[in-house]
Amino acid sequence: MAIYENYACRHNLGDKMELTLHARAKINLALDVVRKREDGYHDLRMIMQTVELHDDIIMRQCNPIDNNGAIKLLTNLPYLPTDERNLVYQAAEYMFSKYRLTGGLFIGLKKRIPVAAGLAGGSADCAAAILGINRLYGLKLTLPAMTELGKRFGADVPFCLLGGTALAEGVGDKLTPLSPHPKTVVAIVKPPVSISTASTFKAFSNNVSRRPDFDSILHALEQSDVRGIAANFLNVLEEKNIFLYPDILRIKNIFLEMGAMGALMSGSGSAVFAYFETKESAQEAVLQIQAELPRVKEVNVTHTD
């Protein structure tokens, strides 16, 4: 977080008034669209999993004289908004108003999770902001209370607050914790295209060739059977996006050719993840993808969390 050291509250209120949090990415082991709702959103059924790949968020209380009592957000990516267009800022501003918080708040956001990739990076950052403000200001909000608050800012925020392994239903806000996922090596590659969730659902047709086998994945989770989990990866949003963005399929195929147990587009895309038996085999696969697709820059080898 050294990039933020040049911004310091002149009257930092002490070590206990500063937090650093990890905002972890998520992948979808299975994703099905149940129906389109009257409000324009879609009811979904998903099995979601956090991974160790994360953004860093540093939060520091400040004397209001330093920034006029405002929220100051800085990031390491120049193209990311740092005002009301950012979910972190939105959550902080809302909590300041709702709970009548005083003083200033500095938030430094170091992005590692690829943006617009189906990995819930923005939602994870928002969830971390909610958790951080709850701790910094001693609000003592319960997880259900924070989840209800998080729903205001995105369907993935409740899961990002919970973390781990969960079945998500409704718009993603109805969560059921599942058997913990065995620690597994995960390679994640984002092709050089960013896809908005709205555009993916707009293009989606419910006439898909296959639906996820949730029972098989749930059974594999109960048995800690990683190969059984990977063998049943399925995301109904992938079918259309593969047609629109051929690099998704190319990445997926290279992963499988390089020995992945399974590979799948995450969420609304465009990132593709794959399970490997070893970190070395995952790194070899990533290198092969970059050799065949030189435009690919955003790659990560991580593990389930």
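A few notes on this one:
- Cα-projected label distance for GLU84 with VAL34, points at 7 Å along beta-carbon direction, nm: 3.4 nm
- Ordering LEU178, LEU31 by accessible surface, largest first, gives LEU178, LEU31; the 1.4 Å probe counts only protein heavy atoms, with every chain in place.
- Relative contact order %, the chain, counting alpha carbon pairs below 8 Å whose residues are six or more apart: 21 percent
- nm² value of the averaged projected area, convex hull over the Cα atoms of the chain: 16.0 nm²
- Solvent-accessible area per residue for the chain (1.4 angstrom probe, square angstrom): 46 Å²
- Cross-link table LYS110/LYS140; LYS183/LYS297; LYS140/LYS279; LYS111/LYS151; LYS111/LYS202; LYS140/LYS190, entries beyond 30 Å C-alpha to C-alpha: LYS140/LYS279; LYS140/LYS190
- Computed lengthening from VAL193 to ASN206, 0.36 nm per intervening residue step minus Cα-Cα distance: 2.3 nm
- Percent RCO, i.e. relative contact order, over segment 151-305, from Cα pairs under 8 Å lying at least 6 residues apart: 31 percent
- Taken over segment 205-262, the convex hull of the Cα atoms encloses 74 Å³ per residue.
- Rolling a 1.4 Å probe over the protein heavy atoms leaves LYS240 with an accessible area of roughly 80 Å².
- In order through segment 152-166: 3J(HN,Hα) via Karplus (6.51 cos²θ - 1.76 cosθ + 1.60), integer Hz, x for Gly, Pro: 5, 10, x, 5, 8, 4, x, 5, 5, 6, 6, x, x, 10, 8
- Inter-label distance for LEU287 and ALA145, nm, one decimal - labels placed 7 Å from Cα along Cα-to-Cβ: 5.2 nm
- In order through segment 195-200: 3J(HN,Hα) via Karplus (6.51 cos²θ - 1.76 cosθ + 1.60), integer Hz, x for Gly, Pro: 10, 7, 4, 4, 5, 5
- The calculated Kirkwood hydrodynamic radius for segment 85-128 is 11.6 Å, given to one decimal from all distinct C-alpha pairs.
- Furthest towards positive pole of dipole, PHE96, GLN283, SER179, structure part the chain, Cβ charges: PHE96
- Judged by the ratio a/c of the largest to the smallest principal axis of the C-alpha gyration tensor, segment 266-305 counts as oblate, that ratio being 1.5 or greater while a/b is no larger than b/c.
- Whole-Hz ³J(HN,Hα) from phi, Karplus 6.51 cos²θ - 1.76 cosθ + 1.60, for segment 116-131, glycine and proline x: 6, 10, x, 10, 6, x, x, 5, 5, 5, 4, 4, 5, 5, 4, 4
- Distant-in-sequence amide H partners of ASP305 (H built 1.01 Å from N, under 5 Å): THR50, VAL51, GLU52
- Here segment 16-128 exposes an accessible surface that is 47 percent carbon and sulfur, computed with a 1.4 Å probe and the other protein chains kept in place.
- Computed over segment 174-305, the Cα gyration tensor eigenvalues convert (square root of 5λ each) into semi-axes of 22, 21, 12 Å, ordered from largest to smallest.
- Largest GNM mean-square fluctuation among VAL226, VAL236, VAL34, using the chain with Cα springs under 10 Å: VAL34.
- Of the residues PHE233, PHE255, PHE243, the one that moves most in a GNM of the chain with alpha-carbon contacts below 10 Å is PHE243.
- Heavy-atom accessible surface of LEU161, to the nearest 10 Å², is about 20 Å², with a 1.4 Å probe and all protein chains retained.
- Model label points for ALA70 and ARG100, set 7 angstrom from Cα along the Cα-to-Cβ axis, are 2.5 nm apart.
- Using just its DSSP H runs of length 4 or more, each adding -39500 (n - 2.57), the chain gives a mean residue ellipticity at 222 nm of -9500 deg cm²/dmol after division by all residues.
The values are calculated or read from the model by the stated rules, or taken from the named source; none is laboratory data. Bear in mind the structure is a predicted one, so any value in this text is a computation, not a measurement. We place every Cβ from the backbone using ideal geometry, glycine too, and count neighbours over all the protein chains shown. What goes into the accessible areas is simple: the full protein's heavy atoms, side chains included, and nothing from ligands, DNA or RNA. Shrake-Rupley method; radii C 1.70, N 1.55, O 1.52, S 1.80 Å.
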